[in-house]
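Reading through the structure tokens given below for one structure.
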Amino acid sequence: MKLYLTFDVEIWCDGWHDLDGRFPASFDRYVYGRSSSGDFALPKTLEILKRHGLKAVFFVEPLFAARFGVEFLARIVAIIQADGHDVQLHLHAEWTDEIRPLVFPGPPQKRQHLSYYSLEEQITLLTLGRDLLAQAGCDSIKAFRAGSFACNRDTFRALRAVGILIDSSLHEILPDSGIDMRGTFDFLRPLVLDQVVILPLTVFRDGIGKLRPAQVGACGFEEIRDAILSAAAANTQHFVVLSHNFEMLKQRSSEPDRLVVARFERLCAFLAQQAGRIEVSTFSNGSVDIEEGAALSPLPFAGFPATMRRIGEQAVRRVVG
Ligand SMILES: [Zn+2]
């Protein structure tokens, strides 16, 4: 089984007011996350990956750089590439009206999701994002993930038009993901549309029967371990894990969230141990094989004790912070 550790890398300025005033502190938090105990945004993420000998996929959001300068994007690309990881394209279309000159004619208007843009507009945004990453030092984009997973059917036509043929924008649990494709396509397993190979975010059934995304900040270590082992045992081909550049930080702070840090450490140690059985992979070679019959593989699952443990950890965190 191939497993992809994917990180969506993005900068936010706490709303859309005073962007230029807020950007320096935002960049510092989202990229470095400096605290007295270490830099728990990208630097600590990269350090943990390196310690366990793992390579990851970083879907980097470039549109912010059309506002503040490509040099900031170049810094992000450089620190990820220095460790030999994969830089791929992530787009948060809500930046579009903050860029000057405006990307589209007419009065600026905030449209959050990529699915709110026409096919032609999506092609324009994908091309702009890829050009910005090229200017920032990464000219080999092979894969894409829509911001907030908010793709639609046109997104795959647009990806094909620009020649990006691997995607990971489908998320079964988020209603805005693949909004006009629900009920027509299975979001739980790989599929091919318009020659684009789509690896949806892996979703598993937790120990109390609910669907959960394989996201570092959203499930316990034991749950994600169980889900990975059950998927491997069922001969699942691809397993996609989600995290973010800021996922190990407490909300609105640069202090580390110790619970998430410990989970990520344990997940990486586990994956390093399982190296013979589970290949932690990237999209850098530009191709993903999907076997016949993959559509029939059962959903991964976690056991009851693993889910109870996560619920217990969350309860403790609510009390002690
Ligand atoms: Zn995002």
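Computed from the coordinates by the stated procedures, all read-outs in this text should not be read as laboratory data. The shown structure was predicted, so the numbers you read here are calculated from the model rather than taken from an experiment. Note: ideal-geometry Cβ built from the backbone for every residue, glycine included; neighbour counts use all protein chains shown.
Here are the numbers for this structure:
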quantity: Derived scalar couplings ³J(HN,Hα) [segment 11-28; Karplus, 6.51 cos²θ - 1.76 cosθ + 1.60; whole Hz; x for Gly, Pro]; calculated: 10, 10, 10, 6, x, 10, 9, 6, 4, 5, x, 8, 4, x, 5, 5, 4, 4
quantity: Dipole moment magnitude, nearest 20 debye, the chain about Cα centre, only Lys, Arg, Asp, Glu C-beta charged; calculated: 840 debye
quantity: Residues in segment 124-148 reached by a label modelled at Ile290 [backbone nitrogen below 17 Å; 7 Å Cα→Cβ]; calculated: 143-146
quantity: Nonlocal Lys pairs with alpha-carbon distance under 27 Å, the chain (8 or more apart, or different chains); calculated: 13
quantity: Percentage relative contact order, segment 84-232, counting C-alpha pairs under 8 Å, at least six apart; calculated: 18 percent
quantity: Gaussian network model of the chain, Cα within-10 Å springs - most flexible of Ser168, Ser118, Ser243; calculated: Ser118
quantity: Label-zone membership for segment 3-37, site Leu102, 7 angstrom Cα→C-beta point, backbone N under 20 Å; calculated: 16-20
quantity: Highest-fluctuation residue, Ile290, Ile224, Ile76 considered, GNM on the chain with Cα pairs under 10 Å; calculated: Ile290
quantity: The chain: C-alpha gyration tensor shape, a/c 1.5 cut-off, then a/b vs b/c; calculated: oblate
quantity: Label-zone membership for segment 57-95, site Asp20, 7 angstrom Cα→C-beta point, backbone N under 13 Å; calculated: 67-69
quantity: Per-residue ³J(HN,Hα) for segment 201-218, Karplus 6.51 cos²θ - 1.76 cosθ + 1.60, θ = phi - 60°, Hz, x for Gly and Pro; calculated: 4, 5, 10, 10, 8, 7, x, 10, x, 9, 6, 9, x, 7, 10, 4, x, 10
quantity: Gain on full stretching of the segment that runs from Ile173 to Gln112 - 0.36 nm per residue minus C-alpha separation; calculated: 20.1 nm
quantity: Extension gain from Ala272 to Ile79, taking 0.36 nm per residue of separation minus the Cα-Cα distance; calculated: 67.3 nm
quantity: Between segment 211-280 and segment 162-190, the alpha-carbon center distance in angstrom; calculated: 21 Å
quantity: Cβ crowding within 10 Å averaged over residues, with 97-108, 257-268 ranked highest first; calculated: 257-268, 97-108
quantity: Among 30-39, 231-240, 139-148, the order from most to least packed when residues are scored by Cβ within 10 Å on average; calculated: 139-148, 231-240, 30-39
quantity: 222 nm mean residue ellipticity, helices alone, for the chain (DSSP H n ≥ 4; -39,500 (n - 2.57); rounded to 500); calculated: -10500 deg cm²/dmol
quantity: Calculated FRET value between Arg157 and Ala262, using beta carbons and R₀ = 41 Å, to 0.05; calculated: 0.45
quantity: GNM result for the chain, Cα springs below 10 Å: residue of Arg310, Arg225, Arg29 fluctuating most strongly; calculated: Arg310
